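Peer 1: If you scroll down you'll find the structure; I have some questions about it.
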Amino acid sequence: MNIYRYLLLLLFLMNGVLKAQSLPEKAEVLKVIGKANTYWQANNKAEQSAFWDHAAYHTGNMEVFAITGNETYLKYSENWAEYNQWMGAKSADRSKWKHTYGETDEHVLFGDWQICFQTYIDLYQLKPEAGKIARAREVMEYEMSTPEKGYWWWADGLYMVMPVMTKMYKVTGNQQYLDKLYEYFTYANSIMYDDKAKLYYRDAKYVYPKHTTANGKKDFWARGDGWVFAGLAKVLKDLPATDPHREEYLSKYKNMAKAILKSQQQEGYWTRSMLDPLHAPGPETSGTAFFTYGLLWGINNGYLKEKTYLPAALKGWNYLTKTALQQDGKVGYVQPIGEKAIPGQVVDANSTADFGVGAFLLANCEMYRFLTPENRTKL
């Protein structure tokens, strides 16, 4: 009996040592964050459009500021917001406003032009000035006054706009933001959600069996599901505990986490087509970063069991920091702008993009919070 108990104790201690060795130090995570973010800002001017790709970077940059308090990072997002006049698409003629895909100033109601409002609201919360969120209120409250439900017809849109709704609710107290959030989310689920796989198709064009991978399988695009998973985490962060639909959002989030766990590759990354690694093999950073962020967020907030999900999150983090992050600070292996996994598309160490850096920063900020329990997000 004594030998048995001794062996159990030894195994327990060895497990603790191995776990401690596998986790990074907080200083290491801060160094990674600084390396990637400083490189991006040194090589890319803040004066870029408010369209989704640039705006997605700023959602990560604002998390970095929350962790570090680095005023240089904050100023970068402030300069970007001021350059865009705290607006997305700039048309003033509501009769011409569109919600279909488009990169012109008339596509005011298209979610890719609304993600910028997330950062404007965050900047407003730091220093409240009505002008910072005036356009966000104008656009979103006009949108909510219309009978249209199909504003979020593609998976990316759930990250672009769902957090805008909860952030605006926190600022205004207007219940309509939460009511319309659920209405639009319900529509999105009706056209993109696969109840068996517990994952989202990028949009209705990709629903199985109408569309398949090269090997005849369901085609779930990693970055698309990454947008949704990260968007749900952000919604749950700001959604009131009393919201009648909270459990549905949480259920979708937890079920996605289970599916995401199953499709991770041994090297820590997720392939571009989640359930068919051979369709477009090799590492990809943006989807991996969003998944790593979402898993760590769930652990940090008590929604996902550390024992079950931390190994996957840690493997994802190790891929991001040991493979994706280059010596000079570039975040590589980011699939270029698109909407699907493309067989034969080159994604390598030199493949980088602002939205991928934003996702990388989100993941690292949540790792830092995990290593700093007192600094974890409080709901």
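The values are calculated or read from the model by the stated rules, or taken from the named source; none is laboratory data. Just so it is clear, the model here is predicted, and its values are computed rather than measured. Methodologically, a virtual Cβ is constructed for each residue, glycine included, from the backbone with ideal geometry; neighbour enumeration extends over all protein chains shown.
Peer 1: Hey, could you check segment 181-214 for residues that are of a type in the set (A, V, I, L, M) and either modelled with pLDDT under 95 or part of a loop (DSSP other than H, G, I, E, B) (or both) and say which is farthest from the chain's Cα centre (by Cα)?
Peer 2: That would be Ala214.
Peer 1: Okay, next question. In segment 249-281, which residue that is of a type in the set (Lys, Arg) and not in a loop (DSSP other than H, G, I, E, B) is farthest from Lys198 (Cα to Cα)?
Peer 2: Among residues in segment 249-281 that are of a type in the set (Lys, Arg) and not in a loop (DSSP other than H, G, I, E, B), the one farthest from Lys198 (Cα to Cα) is Lys262.
Peer 1: Continuing with this model, one more query. Say whether the condition of being touching a Lys or Arg at 6+ places or on another chain (Cβ under 8 Å), among the hydroxyl-bearing types (Ser, Thr, Tyr) and under 20 Å from Leu275 (Cβ atoms) is met by at least one residue in segment 213-222.
Peer 2: no
Residue by residue, here is whether (1) under 23 Å from the mean Cα position of the chain (by Cα); (2) buried (at least 22 other Cβ atoms within 10 Å of the Cβ); (3) of a type outside the set (S, T, N, Q) holds:
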{"residue": "Ala92", "(1), (2), (3)": "no, no, yes"}
{"residue": "Tyr142", "(1), (2), (3)": "no, no, yes"}
{"residue": "Thr146", "(1), (2), (3)": "no, no, no"}
{"residue": "Gly157", "(1), (2), (3)": "yes, yes, yes"}
{"residue": "Asp179", "(1), (2), (3)": "yes, no, yes"}
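Peer 1: Going residue by residue through segment 306-314, is there one that turns out to be crowded, with 24+ Cβ neighbours inside 10 Å, among the aliphatic types (A, V, I, L, M) and either modelled with pLDDT of 95 or more or within 27 Å of Leu30 (Cβ to Cβ) (or both)?
Peer 2: Yes, because at least one residue in segment 306-314 is crowded, with 24+ Cβ neighbours inside 10 Å, among the aliphatic types (A, V, I, L, M) and either modelled with pLDDT of 95 or more or within 27 Å of Leu30 (Cβ to Cβ) (or both).
Peer 1: Of all residues in segment 60-116, count the ones that are of a type outside the set (Lys, Arg) and in a loop (DSSP other than H, G, I, E, B).
Peer 2: Matching residues across segment 60-116 total 26.
Peer 1: Something else: Name the pairs: first residue in segment 29-55 and charged (D, E, K, R), second residue assigned to a loop (DSSP other than H, G, I, E, B), Cβ to Cβ under 8 Å, at least 6 apart or on different chains?
Peer 2: Here the result reads Lys35/Gly329; Asp53/Ile337; Asp53/Ala353, each pair linking segment 29-55 to a residue that is assigned to a loop (DSSP other than H, G, I, E, B).
Peer 1: Something else about it: Could you tell me whether any residue of segment 282-299 is over 17 Å from the mean Cα position of the chain (by Cα), buried (at least 17 other Cβ atoms within 10 Å of the Cβ), assigned to a loop (DSSP other than H, G, I, E, B) and on the phi < 0 side of the Ramachandran plot?
Peer 2: Scanning segment 282-299 turns up at least one residue that is over 17 Å from the mean Cα position of the chain (by Cα), buried (at least 17 other Cβ atoms within 10 Å of the Cβ), assigned to a loop (DSSP other than H, G, I, E, B) and on the phi < 0 side of the Ramachandran plot.
Peer 1: A further question on this structure: Just to verify a result, which residue in segment 322-350, among those that are polar (S, T, N, Q) and without any contact (Cβ under 8 Å) to a residue 40 or more places away in the chain, is surrounded by the most Cβ atoms within 10 Å (Cβ to Cβ)?
Peer 2: Filtering segment 322-350 down to residues polar (S, T, N, Q) leaves 323, 326-327, 335, 345, 350.
With the extra rule that they be without any contact (Cβ under 8 Å) to a residue 40 or more places away in the chain, the set shrinks to 326-327, 350.
Working: Gln326: 16, Gln327: 7, Asn350: 11.
Here the residue is Gln326.
Peer 1: Which of the residues that make up segment 147-185 are farther than 26 Å from Gln125 by Cβ and touching a residue at least 12 places away in the same chain (Cβ under 8 Å)? Outline the logic, then answer.
Peer 2: Let us first name the residues in segment 147-185 that are farther than 26 Å from Gln125 by Cβ, namely 147-150, 153-155.
Correct list: Glu148, Lys149, Gly150, Trp153, Trp154, Ala155.
Peer 1: Looking at Val108, Val161, which is the one that is of a type in the set (Val, Ile, Thr) and under 30 Å from Asp219 (Cβ atoms)?
Peer 2: Being of a type in the set (Val, Ile, Thr) and under 30 Å from Asp219 (Cβ atoms) holds for just one of Val108, Val161, which is Val161.
Peer 1: Still on this structure, I have one more. Can you tell me which of Gly344, Gly358 is part of a loop (DSSP other than H, G, I, E, B) and at pLDDT 95 or above? Step through it out loud before you land on a result.
Peer 2: Details: Gly358 fails: part of a loop (DSSP other than H, G, I, E, B).
That would be Gly344, the only listed residue that is part of a loop (DSSP other than H, G, I, E, B) and at pLDDT 95 or above.
Peer 1: Still on this structure: What are the pairs, 6+ residues apart or on separate chains, where a residue within segment 252-281 that is modelled with pLDDT of 95 or more has its Cβ under 8 Å from a residue that is of a type in the set (D, E, K, R) and not in a loop (DSSP other than H, G, I, E, B)?
Peer 2: These pairs meet every condition: Met256/Asp225; Ile260/Asp225; Gln264/Lys315; Glu267/Lys315; Gly268/Lys315; Arg272/Arg223; Met274/Asp225.
Peer 1: Could I ask something else about it? Quickly run through segment 300-341 and pick out the residues that are among the aromatic types (Phe, Trp, Tyr) and outside any loop (DSSP other than H, G, I, E, B).
Peer 2: Answer for segment 300-341, where residues must be among the aromatic types (Phe, Trp, Tyr) and outside any loop (DSSP other than H, G, I, E, B): Tyr309, Trp317, Tyr319.
Peer 1: Regarding segment 138-148, can at least one residue be identified that is hydroxyl-bearing (Ser, Thr, Tyr) and part of a helix (DSSP H, G or I)?
Peer 2: Taking every residue of segment 138-148 in turn, at least one turns out to be hydroxyl-bearing (Ser, Thr, Tyr) and part of a helix (DSSP H, G or I).
Peer 1: Would you be able to say whether some residue in segment 122-133 is assigned to a helix (DSSP H, G or I), at pLDDT 95 or above, under 23 Å from the mean Cα position of the chain (by Cα) and closer than 24 Å to Ser286 by Cα?
Peer 2: yes
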